[in-house]
Every structure is written in C-alpha cells, then in structure tokens.
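For reference, the structure discussed in these notes is given below.
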Amino acid sequence: MNPLPRWRAVAGCVVLAALVLFAVLFTPVYIRNLKLQNYVDDITRAVENQRQPDAVLRGWVIEKARSLHLPVTENNVHIIHGPEGLGIEVAYSVKVDMPMYQVNLHFYPGAGSR
C-alpha cells in the first residue's frame, strides 16, 4: 500500500479548515433565523392574535428580530389576512464578512394559520 502523498494531506486539512470557518461564520446567523421563524410561527398559531392590528404584529416581529440582532425593518414584514387566517412573511438579508469576501445570506421566514 502506497503512503498518502503529503500534498493530499495538506489539501485535505485546508478543505477541512475552510469548512470549519464557514460553519463558525454561518451557523449563528442560521440559528437566529430559525428562532425568528419559530417566533413568527407561534404568533400565527395563537388564536388571540388573529384580530391584532397589523402594526402590533409587525412591531412584535421587528422587536424579536432586533433582540436576535437581525436586520429586519418594517418594509421586510408583510401581514396577510386570508381565508385560511393570519399569515406573516418576512424577507431580509444578512451580510457576513469573510476573509477577502462578503456574502449576503437571504432569508424568508414566514408562517400562516392552518
């Protein structure tokens, strides 16, 4: 059996280090987005929120996003009153700075009554 060439071992370590770097940079943002998604889902499922004014619902979502350090503004939150009930859609992006590169992650958390 031939030994593993040194360049392959180095290349493997570089790839592994890059994957770890991506995980460290992106995972916190995705976790915060998941928390916002769960919060929006909870709002739409609560029957007592069906009659809340749009401004109140929008304020709750924006307040939660701020507490999670997510760049959500009033223009990013859309309240929908349909035959199925209340729906909330949020569309925003987060800039993540990486060494020598910047990535815009786009998120679309939303929920509706079922």
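Only the coordinates and a few stated rules stand behind these numbers; no lab work does. Quick caveat, the model's predicted, so the values are computed rather than measured. Neighbour counts are summed over all protein chains in view; Cβ atoms, including those assigned to glycine, are modelled from backbone coordinates with ideal geometry.
Quick notes on this one:
- Each Cα pair under 8 Å and six or more residues apart adds its separation to the average, and for the stretch 31-114 the resulting relative contact order is 31 percent.
- Summed residue charge, Cβ within 11 Å of ILE43's Cβ, Lys/Arg positive, Asp/Glu negative: 0
- Where only C-alpha atoms are counted, convex hull volume of the stretch 11-74 per residue in Å³: 76 Å³
- Computed magnitude of the charge dipole of the stretch 28-112 (debye, nearest 20; Cβ of K, R +1, Cβ of D, E -1): 200 debye
- Mean projected area in nm² (Cα convex hull; one quarter of hull surface) for the chain: 10.6 nm²
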